[in-house]
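Engineer: Please see the structure below; I have some questions.
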Amino acid sequence: MTTTRKLTLAAAFVAALAVAGCGSTKNCQDATPPVGTLNTSASCTAQAGAPVTVSFHVCPLCDQGSPTCIVHAQDAAAGQITLEPVSQVCDPNSSCPIIVPASCQIPTLSCQFTAPATTSPVHVTIVTPTGNETFSLAISGSGTQPVSCAL
């Protein structure tokens, strides 16, 4: 087989892999990006049934995409909501520089959910790579007045 023919076959193989989905987001995985320092003692009160936005800083590594927030509210009636920041990693890179979350310059990530219809405080847990952080969301009355909690 000639060198030209080998190169042509190799190029066709690479093109076939690209068409088959290699390098696409199908091969990406979610990872929790580093999270900035959280002020979990911040006071936040919402009306039952009202929209709540919780904002905090995240610092994705060099191989992580833009962060999004997954809200786990299936236990909201029992007083527990979990906020999980995630970033897609498509090409893992072990040489990404270490991030210092306290000083990264990434804008805030906002997680939105509806305050549950409960009269007791709701424990809102934020998933971080180094351990989860929890703050208390007080619920007062009911209504539709949106509230923002900046951590």
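The values are calculated or read from the model by the stated rules, or taken from the named source; none is laboratory data. Note that the structure is predicted; figures quoted are calculated from it, not measured. A quick note on method: Cβ atoms are made from the backbone with ideal geometry, for glycine too, and the neighbour counts reach across all protein chains shown. Only protein heavy atoms, including side chains, enter the accessible area calculation; ligands, DNA and RNA are left aside. Shrake-Rupley method; radii C 1.70, N 1.55, O 1.52, S 1.80 Å.
Engineer: Skip the ligands, DNA and RNA, and give the accessible area per residue of region 102-151 with a 1.4 Å probe, whole Å².
Structural biologist: Details: 2850 Å² over 50 residues.
Using a 1.4 Å probe on heavy atoms only, each residue of region 102-151 averages 57 Å².
Engineer: Using a Förster distance of 22 Å, how high is the FRET efficiency between Ala73 and Ala138, based on the Cβ-Cβ distance and rounded to 0.05? Intermediate results must be reported in sequence, preceding the final value.
Structural biologist: Working: r = 17 Å, r/R0 = 0.77.
Efficiency computed from Cβ-Cβ geometry: 0.85.
Engineer: Over the Cα atoms of region 66-151, compute the convex hull volume and normalise it per residue, giving Å³. Write out the running numbers ahead of the final one.
Structural biologist: Details: hull volume 10.5 nm³, N = 86.
With only Cα atoms used, region 66-151 gives 122 Å³ per residue.
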